[in-house]
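So the structure is just underneath, and the comments pick up after that.
The values are calculated or read from the model by the stated rules, or taken from the named source; none is laboratory data. In this text, all values refer to a predicted model and were calculated from it rather than measured experimentally. As a convention, Cβ positions derive from the backbone with ideal geometry for all residues, glycine included, and neighbour counts pool all protein chains shown.
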Amino acid sequence: MATELYQQLADRGFIYQSTHEEELRRRLAQPPQTFYIGFDPTADSLHIGSLIPIIAMMHLQRAGHYPIAVLGGGTAMVGDPSGKTEMRRMLTPEAIAANGIGIRRQLERFLDLSPQRGALVNNADWLAELKYIDFLRDIGRHFSVNRMLTAESYRQRLESGLSFIEFNYMLLQAYDFYVLFRDRQCTLQMGGQDQWGNIVAGVDLIRRLTGKEAFGITFPLLTSRSGEKFGKTAAGAVWLDENRTPVYDFYQFWRNCEDEEIGRLLRLFTFLPLTEIAELEKQRGQEINRVKEILAFEVTAMVHGQEKAAEAYRAAIGRFGSADPEGKVKTSSAIAAITLAETADNLPSTDLPRQELERTTIVELFVRTGLCQSKGQARRLIQQGGAYLNDERLAADGPLTAAHFPGDTLMLRAGKKRYHRVRLR
């Protein structure tokens, strides 16, 4: 099982680079190993770009390893230049502390950070107390400026300008790794691919100071076709805080992903079995939209809980209809348990007085509900096999009866996606 953990991460697309791969495979086969990822509190919420490292931590913790989430209360005072075209806005200590509270709450949704299972620490606890001259003598002497300038995070900024304070970030992150190695036996650091230089610097510092080996893994940075970081929209980042990004908008972000991305996103952002994902990504045509519903539901449920994910799904079904009303796409996702009846409260509806029941035809009801613009259009819909009553395909027009209204409710469907509920009053 544990021998397969590294391969499982690779198969799901998490591994972009790693140090000492064979030894790392062996270590991950022998839980518990202590590992960490850092999160700088530059805002009071994480965004979906943080989900890849968080989910990677969840995979390792589920396999028996010990996660340390490092809140960058110290490094946030400096600012990480990685992936940035300009210097970050400097934050006050008060703002950093307030942001840290929000991020801590979010991380605790995903990880068990009770003392026996994991930890959340703040690097300000050791960085804030450093004496500058001592730090330069003891730590800075192990760093080559020439080598630092070859790091991707620094090279990209040389033309636009790299401040001296940002230049120190690599030293501080490497020192974080050393402190966690020294005090908590942490042997693995993980982060985005733009963190490779900083992670390798930490591995090298540990080797120089202790003579022992530590390890690093980086994750791929997902980008759109235009090269923009994944999770960015015209309205800005897609946040994990529902006060910043409403749950429905969060759901719709995933629901609207590009067809060719669906397999990769399912592997990275859900815990569905790889064998099931392989079947899901084979879907074509209308069924691919059902796979997108599954992706959107799974990620929303992980971030906001199943109840809110179900609410978002029902609201989307109410507006746009189900992508798979006949249940052709099989899945182990909890979305499969949400039936059409459960989504009915979100569907457009029309009341039909009982006294009008016997003198109303099915064709007339399609017009009355707005599913068709005319009786002729309704008749053509029936002839073409696109009209449904209570999920049964209609073959001909006819009068309505009380039998059509089990529980005083009837469900009409035009095509695959347009639903309308009719209530007998």
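Count, please, the residues in the range 16-48 that happen to be among the polar types (S, T, N, Q) and not in a loop (DSSP other than H, G, I, E, B). Lay out the reasoning, then the answer.
Going residue by residue through the range 16-48, those that are among the polar types (S, T, N, Q) are 17-19, 30, 33-34, 42, 45.
Now drop any that are not not in a loop (DSSP other than H, G, I, E, B), which leaves 17-18, 34.
Number satisfying all stated conditions: 3.
Of the residues in the range 42-80, how many are touching a residue at least 24 places away in the same chain (Cβ under 8 Å) and either among the charged types (D, E, K, R) or not assigned by TED's automatic domain parsing to the domain that holds Asp125 (or both)?
Adding up the residues that qualify gives 2.
Quick one: in the range 383-395, of everything that is under 21 Å from Gly321 (Cα atoms) and among the polar types (S, T, N, Q), which residue is surrounded by the most Cβ atoms within 10 Å (Cβ to Cβ)? If you could, list the steps in order and put the result at the bottom.
Taking the range 383-395 first, the residues under 21 Å from Gly321 (Cα atoms) are 384-394.
Next, from what is left, pick out any that are among the polar types (S, T, N, Q): 384, 390.
Details: Gln384: 9, Asn390: 13.
Per the stated criteria, the residue is Asn390.
Which of the residues spanning the range 311-332 are aliphatic (A, V, I, L, M) and surrounded by 20 or more Cβ atoms within 10 Å (Cβ to Cβ)?
Pass one, the range 311-332, residues aliphatic (A, V, I, L, M): 312, 315-317, 323, 329.
Listed by number, the residues that qualify are Ala312, Ala316, Ile317, Ala323, Val329.
Only one of (1) in a loop (DSSP other than H, G, I, E, B); (2) free of Cβ contacts under 8 Å to residues at least 24 places away in the same chain is not met by Gln283, so which one is it?
All conditions pass for Gln283, except number (2).
Select from the range 25-41 the residues that are within 19 Å of the chain's Cα centre (by Cα) and touching a residue at least 60 places away in the same chain (Cβ under 8 Å) and write down the one among them that is farthest from Trp196 (Cα to Cα). Show your work before the answer.
Narrowing the range 25-41 to residues within 19 Å of the chain's Cα centre (by Cα): 37-41.
From what is left, the residues that are touching a residue at least 60 places away in the same chain (Cβ under 8 Å) are 37-39, 41.
Details: Ile37: 13, Gly38: 13, Phe39: 15, Pro41: 20 Å.
Top of the filtered list is Pro41.
Can you run down the residue pairs with Cβ atoms below 9 Å, 6 or more apart or on separate chains, where the first is in the range 262-276 and of a type in the set (Ser, Thr, Tyr) and the partner is part of a loop (DSSP other than H, G, I, E, B)?
These pairs meet every condition: Thr270/Ser333.
Output the qualifying pairs, or none if there are none: Cβ atoms under 7 angstrom, residues six or more apart or on different chains, first residue in the range 81-104 and farther than 19 Å from Asp44 by Cα, second residue crowded, with 16+ Cβ neighbours inside 10 Å and at pLDDT 80 or above.
Hits for this filter: Pro81/Tyr169; Ser82/Asp194; Ser82/Gln195; Gly83/Asp194.
Only residues that are at pLDDT 95 or above and not charged (D, E, K, R): list them for the range 62-85, please.
Filtering the range 62-85 for residues at pLDDT 95 or above gives 62-71.
Result: Ala63, Gly64, His65, Tyr66, Pro67, Ile68, Ala69, Val70, Leu71.
Kindly establish whether Ser18 is within 30 Å of Met90 (Cα to Cα) and not acidic (Asp, Glu). Talk me through it step by step, then tell me what you get.
Values: within 30 Å of Met90 (Cα to Cα): no; not acidic (Asp, Glu): yes.
Considered against the rule, which asks whether it is within 30 Å of Met90 (Cα to Cα) and not acidic (Asp, Glu), Ser18 comes out as no.
Name every residue in the range 201-217 that is crowded, with 20+ Cβ neighbours inside 10 Å, more than 14 Å from Tyr36 (Cα to Cα) and out of contact with any Leu (no Cβ under 8 Å at 6 or more places or on another chain), in order of residue number.
Start the filter on the range 201-217 by keeping residues that are crowded, with 20+ Cβ neighbours inside 10 Å, which leaves 201-203, 205-206, 214-217.
Then drop every residue that is not more than 14 Å from Tyr36 (Cα to Cα), which leaves 201, 205-206.
Leu205, Ile206 - these are the residues of the range 201-217 that are crowded, with 20+ Cβ neighbours inside 10 Å, more than 14 Å from Tyr36 (Cα to Cα) and out of contact with any Leu (no Cβ under 8 Å at 6 or more places or on another chain).
Could you check Gly318 against (1) at pLDDT below 90; (2) in the same structural domain as Arg413 (by TED's automatic domain parsing); (3) within 22 Å of Gly407 (Cα to Cα); (4) not aliphatic (A, V, I, L, M) and say which number it fails?
Result: Gly318 passes all but (2).
Answer with yes or no whether Arg147 is out of contact with any Asp or Glu (no Cβ under 6 Å at 6 or more places or on another chain), modelled with pLDDT under 85, within 22 Å of Ile206 (Cα to Cα) and assigned by TED's automatic domain parsing to the domain that holds Leu205. First the steps, then the outcome.
Numbers: out of contact with any Asp or Glu (no Cβ under 6 Å at 6 or more places or on another chain): yes; modelled with pLDDT under 85: yes; within 22 Å of Ile206 (Cα to Cα): yes; assigned by TED's automatic domain parsing to the domain that holds Leu205: yes.
The answer is yes for Arg147.
Matching residues to (1) without any contact (Cβ under 8 Å) to a residue 60 or more places away in the chain; (2) assigned to a strand (DSSP E or B); (3) surrounded by 15 or more Cβ atoms within 10 Å (Cβ to Cβ):
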site	(1), (2), (3)
Glu356	yes, no, no
Val367	yes, no, yes
Cys372	yes, no, yes
Leu381	yes, no, yes
Asp397	yes, no, yes
Ala403	yes, no, no
Gly407	yes, no, no
Arg413	no, yes, yes
Arg421	no, yes, yes
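If you check His59 against the conditions, is it within 17 Å of the chain's Cα centre (by Cα), modelled with pLDDT of 95 or more and not aromatic (Phe, Trp, Tyr)? First the steps, then the outcome.
Values: within 17 Å of the chain's Cα centre (by Cα): yes; modelled with pLDDT of 95 or more: yes; not aromatic (Phe, Trp, Tyr): yes.
Against the criterion (within 17 Å of the chain's Cα centre (by Cα), modelled with pLDDT of 95 or more and not aromatic (Phe, Trp, Tyr)), His59 qualifies.
What is the number of the single condition among (1) more than 17 Å from Pro246 (Cα to Cα); (2) among the acidic types (Asp, Glu); (3) part of a helix (DSSP H, G or I) that Asp324 does not meet?
Only one criterion in (1) more than 17 Å from Pro246 (Cα to Cα); (2) among the acidic types (Asp, Glu); (3) part of a helix (DSSP H, G or I) is unmet by Asp324, namely (3).
Could you please find all residues in the range 179-199 being at pLDDT 95 or above and farther than 20 Å from Asn122 by Cα? So that I can check it myself, show each step before the final result.
As a first pass, look at the range 179-199 and keep what is at pLDDT 95 or above: 179-191, 199.
None - no residue of the range 179-199 is at pLDDT 95 or above and farther than 20 Å from Asn122 by Cα, so the list stays empty.
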